[in-house]
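The values are calculated or read from the model by the stated rules, or taken from the named source; none is laboratory data. Predicted model, so just to flag it, every value in this text is computed and none were measured. Reconstructed Cβ throughout: ideal geometry from the backbone, glycine too, with neighbour counts over all protein chains shown. What goes into the accessible areas is simple: the full protein's heavy atoms, side chains included, and nothing from ligands, DNA or RNA. Shrake-Rupley method; radii C 1.70, N 1.55, O 1.52, S 1.80 Å.
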Amino acid sequence: MTNTKDSEKEPLIKAKIGDRVNIHFTCKFEDGTVYDSSIGKEPLQFIIGENQTFTGLEQAVIGMIPEESKSIEISSDNIYGPHRKEIVHIIRHDQFPEDIKPEIGLQFQIKQENGVTEIFRVTDISDTNITLDGNHPLAGKKLFFDIQLIESEQTDISKAADFYDQGIAFQDKGRLEEAITCYQKAIELNKNLTGAFYNLGVAFQKKGQIDKSILYYEIAIGLNQDFTEAHYNLGIAYKEKALFDEAMICFQRVLQLKPDHSDASYNFGNVYAAKGQFNEAIQCYQRAIELNPDYAEAHWNIALINLLLGNFKEGWKGYEWRWKLKDIISHRDFSQPIWNGYDINGKTILLHAEQGFGDTIQFIRYAPLVAQRSARVILECQKELVSLLKSVEGIHQVISYEESLPDFNIHCPLLNLPSIFNTTTDNIPAEIPYITADASLIKKWHEKVKHDTSKLKIGLVWAGEKLYKNDFSRSCSFEIFSALNLSDDITWYSLQKGDPSTQVENSLKGINLIDYTDELRDFSDTAALMQNLDLIISVDTAVAHLAGALGKPIWTLLPFVPDWRWMLNREDSPWYPTMRLFRQPSRGDWKSILENVADSLNKFIT
């Protein structure tokens, strides 16, 4: 029978938390006394991590392999406490009980005035005094251990820990399904593995399965009521489901456990803002900034609230924090200087779009004002807007992001312009139209719709871009427009692009809906079709901005807490004179909006 080569032997497994181990040990005290656990005794057995023996001894075994030996020093403070001078008493011989002969090592009990009985030992005797010590003999001493690991075996707890560690490794690599499987196996072996329940919540939250994430966060909290991050993530999950009162309770608990948790203060502010309680939201954001002065998101959200409330001066100032936001707005680095309002006579300036289609359409209105400073204006924007924005007065050249940049002297992001021109609600440049559709395209679309003899031709948009973080609040379904099915004198034209456009395949009965969206190549086509319509009805999307910029009648449907540009408590917009605003009276109440729109349409027709 051949022996297995050493290189082919299975590697010995290192002991870890949760393993059941057997050890022999020798303990040497400071005074030289030796205690040998191996002489005539069974090995000491315990499970690492369950505090069945000295903490230091448990920690020392972690990482050892069978038959390995190790020498360690452990402070007895962890076992018997520190040596306390206040319980060492020196008394005279005549104060010692007459019926007891004092001897070093003598141990006896003394009942104190407070009723507590303490054990004292005689540690020193002189001609005049006796020293009594209430400390344990090993208190404050050092213990020297020689330990040998005899045997190590996995328990369900340690097997669970292995699956848990594997889950973390998968999750760090973004392999969520595999991570979830590992956490679930870990929980099967150890029902009290709090971290596995918590990490399951994190994994499901990243997958967008919020209900499952809430379940696992709640289980983790049930196992550990003081689990701060579980309370925090649970609050985020509730916020994502618009369960704001429940989210508030979670963030309150986080701040009770950890008052300096700046993210909890910030998200508390987000919940208040979502509920329309803006003063309270600002207070929370300011608290987050006190804890973290560079908290860009908190500064940014204060700016958005100021703009929403019409405090434009403070709003534009705080709007500069957008450049420090993470993964929201990309900052362009140019060697040329940025313009902040100084003289640009004879210079070539690059204006560049920085956010969505709607932002570009809204703020291109400032290009003529820049051109009036005797500057040559070049615009860089999204390719879908290039042909349309060539019509804007004062712009010399329009290029897309994909094209090479021409020479220029200075540059400016589009959304810096309102601040540079000291924009207030009273001086917004709103000379409409500032965008015009191509005449040949208008004619082309006229040929398509000229056979429509209905009294009203109305363009319709019901959803925005899903990538926008608050799209869930601004978008609705095509179905809710059944409330507008009120007249055979109306022809509806879908202007809806993207995935939501497929909702018209199950078109509402009785609605006369025409869908040409497959033929809309870019915003120039959209603008030309809109010029052949009588009215546009849209949720808060780029189409609403385009209609406003063209000077078309546009009814914009807004969520309960709208984007900052629509402000509060008004039916008109200072940005677009032809726009009428319809607002949700409460969160998610599209029904009331559509009833209001239906009433207004009746009046519009007559």
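Could you check the spin-label model distance between Lys591 and Ser391? Points 7 Å from the Cα along Cα→Cβ, value in nm. Taking the simple label geometry, Lys591 and Ser391 are separated by 4.0 nm. Taking the Cα atoms of segment 553-604, the ratio Rg/Rh between the radius of gyration and the Kirkwood radius comes to 0.95. Here's how it looks for His352: its modeled amide H is under 5 Å from those of Glu380, Cys412, Leu414, which are all 5 or more places away or on a different chain.
When peptides 558-570, 159-171, 533-545 are ranked by their average number of other Cβ atoms within 10 Å per residue, the highest-first order is 533-545, 159-171, 558-570. Report note on the peptides 418-429, 442-453, 128-139: ranked by the mean count of other C-beta atoms within 10 Å, highest first, their order is 128-139, 418-429, 442-453.
Kirkwood radius and radius of gyration were both taken over the C-alpha atoms of segment 185-286, and their ratio Rg/Rh is 1.02. If you wrap the tightest convex hull around every Cα atom of the chain and split its volume per residue, you get 297 Å³.
Over the Cα atoms of segment 160-213, the radius of gyration divided by the Kirkwood radius equals 0.94; this is the Rg/Rh ratio. If R0 is 25 Å, the Cβ-Cβ spacing of Arg521 and Glu403 corresponds to a FRET efficiency of close to 0.90. The coefficient of translational diffusion for segment 308-463, derived via Stokes-Einstein from the alpha carbon Kirkwood radius under 4 °C and 1.567 mPa s, stands at 74 µm²/s. Computed packing ranks the peptides 474-481, 200-207, 76-83 as 200-207, 474-481, 76-83, most packed first, by mean other Cβ atoms within 10 Å. Over the chain, Cα pairs under 8 Å with separation of 6+ residues give a relative contact order of 8 percent. For Phe523, the shell of other residues with beta-carbons less than 12 Å away shows a net charge of 0, using +1 for Lys and Arg and -1 for Asp and Glu. Estimated at 0.36 nm per residue, the fully extended path between Gln252 and Ile104 surpasses their Cα-Cα distance by 47.4 nm. For segment 272-368, how big is the tail of P(r) above 17 Å, as a whole percent of Cα pairs? Percent of Cα pairs beyond 17 Å in segment 272-368: 63. May I ask you to give the percent of accessible area on the chain that is carbon plus sulfur, with a probe radius of 1.4 Å? Carbon and sulfur atoms account for 47 percent of the accessible area of the chain. The residues of the chain present an accessible area of 52 Å² per residue when probed at 1.4 Å with all protein chains retained.
Projected label points at Ile65 and Asn78, each 7 Å from Cα along the beta carbon direction, are separated by 2.5 nanometres. Which shape class, rounded, prolate or oblate, goes with segment 361-442 when its Cα gyration tensor gives a ≥ b ≥ c as root eigenvalues, a/c under 1.5 marks rounded, and past that a/b bigger than b/c marks prolate? It comes out oblate by the Cα gyration axes.
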